[in-house]
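S.K.: Here it is, the structure in full.
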Amino acid sequence: MQSNLQLDLISCEAARTLPGLFRSRLERAPQSPAYMQFDSARGKWRSYTWGETGRLVARWQLALTKEQFAPGERVAVLLRNSVEWVCFDQAAQSLGLVVVPLYPADASDNIAYILADSGARLLLVGTPGRWETLAPLCASSTQLKKVLFVQHLNGPNKTTGPSETVILEGVDDWLARAVPSGIDEADRHPEDPENEDHEKQYADEQAEPDKPAEPDPQALATLVYTSGTTGRPKGVMLSHYNILWNAEAVLKAIPGYREDVYLSLLPLSHMFERTVGYYVPIMAGSTVGFARSLKDLSTDMGSIRPTLLIAVPQIYEGIRTKMRQQLEGEGRLARSLFDWTLAVGWERFSVTQKRQGQGQPRWRHTFAWPLLRRLVADKVLARLGGRLRIAVSGGGPLYGETARFFIGLGLPLVQGYGLTEASPVLAANRPEDNIPDSVGPALPGVEIRIGDDDELLVRSHGIMLGYWNKPEETHAAIDADGWLHTGDKTRISDDHIFISGRIKEILVTSTGEKVPPGDLEMAITQDSLFDQAMVAGENQPYLIALLVLNQHEWEGLAKSLNLKADDSESLSNPAAKNAAMQRIKSALRGFSKYARVRAVYMTLEPWRVENGLLTPTMKLKRSELQKRFADKIADLYRQRASP
């Protein structure tokens, strides 16, 4: 298969800007597939070529032009991943506007803050209902001039706040007013023959005379707000060149091909997805399929059949847990065969990585693996579409057991590392040089060194222009020599970077012991009973853990303890707590004695972005969790202190 793959890279220098990249791809391959999206009205998947997408972008560009925004003004998008997201982004970038992506699941007050801080003049949102939750918070604080809805809205409306009037309008009507009559439906279903003629006519009418001036490659392209685990998020300023340089560096490390199909699952407001799952495929000429939602992931993977999967560790851990649960009902023989497959697959990988072409593999790698792969591994991977050639994990630490699971099945799962401030990728394992516990070597062109307190310092052409309206914080993050201070503790071995936690997320107990809570939490959640965990104990004599249990696993545990799983009181039953503590003890057996958890609080209610306990990038909001569960935490220390 590899010999039939076509390299068709558009370099950073050739593209110059993000709209230049899109235009170059359109010119090279107008008839090649670009995007796949589920059409809920028709109940089927819809494909778009680069040429069709280009004509849609031209319509959006014309409509935005009539808003008469000046280059450099900000426009925001609050939308699920879609062709509409792409059209808006490309049209805005081509006019020199600065795109502000917003997380669809983010809290309304956080979104309102970002809209106000960025000074966004226009907002593209999915539904009027979503705007209704934002309007009261935006009325007096933002500079919004117009709100556009992808979902149909009957005619323009107005809403008035203390400062100005905001015009509300549906995208269909907005586009129809901007284009010649008779073309109003061409963007909705361009596969219809009558619409193709309209689109060609429209493309001719939008020829060179109306082409906007090309933005400066060094100009601000986007404001991407950080997660905000503590305090308000900061707007990271990234230029066209920042992002293009990073996309090319990614493709130098892990090549992409015209035949590749990416599954777009993470929000495009996440810089990892935006660079690696959106701009990289344009640069490589690959196709992107937009997943509908996490709950539809299994079905969508079967429909899209991706060759590349880009996701955060939680996604891979969720897939692993679900597969393990499905095995429970298949009998001891099936489970044993599966475990043997993983063991042989992992041994084969380990030998291959260490051999580097020398010596002969053990007999079972030569003879048993082909059979096990055909009987077990291929059937399991068929649930992921059946043609994945590589999976990439980023946005957080990937636990070793999860990597062993997928690599043992023969799927190259590589971990990478980056920061929004770096556009974002800084390092990544390569399939041929993969140390799963590391985040890999630095990308080509990325300089790394270790600073004070073992902090990782990085320097590259992808490093941000700075934080929006925060010069002091910019100077604190990037020193006079251009080194970005990541805040991550690290060590480097054989050119591979190993991240050991955040410098500022170290717990110091009352006995003076320093504990990295993230490492403990990651180890705890590898047990299928625990979906989420937060370890606390700052200035306390011992550690405690707040735990969100997996519903399926809890039901099995409760039954074994003769407890009622649907009774909330069962979660505080001493037998249930003791069982949980034993599993945590097993999970943490490799840690020092002072890093042991002594008490737990358990719940079945997940921590979500919507309830304010997770950031949009799925990181724990520790301070918020501490406040929300202050009484429970106090009780755990009080109970342990009681005679």
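The values are calculated or read from the model by the stated rules, or taken from the named source; none is laboratory data. These numbers were taken from a predicted model, which means no experiment stands behind them. Quick reminder, even Gly has a Cβ in these numbers, built from the backbone with ideal geometry, and neighbours come from all protein chains shown.
S.K.: Do you know which residues across the stretch 309-325 are closer than 19 Å to Leu263 by Cα and more than 16 Å from the chain's Cα centre (by Cα)? Lay out the reasoning, then the answer.
M.R.: First, the residues of the stretch 309-325 that are closer than 19 Å to Leu263 by Cα: 309-320.
Hit for the stretch 309-325 is Arg320, nothing else.
S.K.: I would also like to ask the following. Being free of Cβ contacts under 8 Å to residues at least 40 places away in the same chain and in contact with a Leu (Cβ under 8 Å, 6 or more places away or on another chain) is true for just one of Leu294, Leu238. Which residue is that? Can you show your working first?
M.R.: Details: Leu238 fails: free of Cβ contacts under 8 Å to residues at least 40 places away in the same chain.
Answer to the selection: Leu294.
S.K.: In the stretch 328-335, is there at least one residue being surrounded by 17 or more Cβ atoms within 10 Å (Cβ to Cβ) and outside the structural domain of Leu102 (by TED's automatic domain parsing)? Show your work before the answer.
M.R.: Taking the stretch 328-335 and keeping what is surrounded by 17 or more Cβ atoms within 10 Å (Cβ to Cβ), we get none.
Taking every residue of the stretch 328-335 in turn, none turns out to be surrounded by 17 or more Cβ atoms within 10 Å (Cβ to Cβ) and outside the structural domain of Leu102 (by TED's automatic domain parsing).
S.K.: In the set Leu371, Leu398, which member is modelled with pLDDT under 95 and surrounded by fewer than 17 Cβ atoms within 10 Å (Cβ to Cβ)? Show your work before the answer.
M.R.: On the way: Leu398 fails: surrounded by fewer than 17 Cβ atoms within 10 Å (Cβ to Cβ).
Sole residue among the options that is modelled with pLDDT under 95 and surrounded by fewer than 17 Cβ atoms within 10 Å (Cβ to Cβ): Leu371.
S.K.: Could I ask something else about it? Is there any pair linking a residue in the stretch 518-532 that is surrounded by fewer than 22 Cβ atoms within 10 Å (Cβ to Cβ) to one that is β-branched (Val, Ile, Thr) and part of a helix (DSSP H, G or I), with Cβ under 7 Å and at least six apart or on different chains, and which?
M.R.: Qualifying pairs under 7 Å: Ser528/Thr321.
S.K.: Is it the case that Gly129 is assigned by TED's automatic domain parsing to the domain that holds Gln68, within 25 Å of Trp60 (Cα to Cα) and modelled with pLDDT under 95?
M.R.: Working: assigned by TED's automatic domain parsing to the domain that holds Gln68: yes; within 25 Å of Trp60 (Cα to Cα): yes; modelled with pLDDT under 95: yes.
Yes, satisfied.
S.K.: I'd like to know if the stretch 333-353 contains one or more residues that are of a type in the set (Gly, Ala, Ser) and under 15 Å from Arg383 (Cα atoms).
M.R.: No.
S.K.: Within the stretch 255-271, is even one residue in the same structural domain as Glu432 (by TED's automatic domain parsing), touching a residue at least 40 places away in the same chain (Cβ under 8 Å) and assigned to a helix (DSSP H, G or I)? Don't jump to the end; show me each part of the working.
M.R.: Pass one, the stretch 255-271, residues in the same structural domain as Glu432 (by TED's automatic domain parsing): 255-271.
Next, only the ones that are touching a residue at least 40 places away in the same chain (Cβ under 8 Å) stay: 255-271.
Pick out the ones that are also assigned to a helix (DSSP H, G or I) and you get 271.
Yes, the stretch 255-271 contains at least one residue that is in the same structural domain as Glu432 (by TED's automatic domain parsing), touching a residue at least 40 places away in the same chain (Cβ under 8 Å) and assigned to a helix (DSSP H, G or I).
S.K.: Can you name every residue in the stretch 593-615 that is touching a residue at least 40 places away in the same chain (Cβ under 8 Å) and either basic (Lys, Arg) or out of contact with any helix residue (DSSP H, G or I) (no Cβ under 8 Å at 6 or more places or on another chain) (or both)?
M.R.: Of the stretch 593-615, the ones touching a residue at least 40 places away in the same chain (Cβ under 8 Å) are 594-610, 612, 615.
Hits for the stretch 593-615 are Tyr594, Arg596, Arg598, Glu605, Pro606, Arg608, Val609, Glu610, Thr615.
S.K.: Still on this structure: Restricted to the stretch 311-327, and to residues that are in contact with a helix residue (DSSP H, G or I) (Cβ under 8 Å, 6 or more places away or on another chain) and surrounded by fewer than 17 Cβ atoms within 10 Å (Cβ to Cβ), which residue is nearest to Pro431 (Cα to Cα)?
M.R.: Met323
S.K.: Could you list all residues from the stretch 9-30 that are touching a Ser or Thr at 6+ places or on another chain (Cβ under 9 Å), assigned to a loop (DSSP other than H, G, I, E, B) and either polar (S, T, N, Q) or under 25 Å from Leu388 (Cβ atoms) (or both)?
M.R.: Ile10, Thr17, Ala29
S.K.: Here are some residues: Asp109, Asp89. Which one is in contact with a Leu (Cβ under 7 Å, 6 or more places away or on another chain) and of a type in the set (Asp, Glu)? Don't jump to the end; show me each part of the working.
M.R.: Working: Asp89 fails: in contact with a Leu (Cβ under 7 Å, 6 or more places away or on another chain).
Matching residue, one of Asp109, Asp89: Asp109.
S.K.: I'd like to check which strands (runs of 3 or more DSSP E) are fully inside the stretch 408-489 and have at least 3 residues that are closer than 30 Å to Pro306 by Cβ. First the steps, then the outcome.
M.R.: On the way: elements: 413-418, 425-428, 447-450, 455-459.
It comes to 413-418, 425-428.
S.K.: Check off (1) in contact with a helix residue (DSSP H, G or I) (Cβ under 8 Å, 6 or more places away or on another chain); (2) part of a helix (DSSP H, G or I); (3) of a type in the set (A, V, I, L, M, F, W, C) for Val288 and give me the number that stays unchecked.
M.R.: Answer for Val288: the failing condition is (2).
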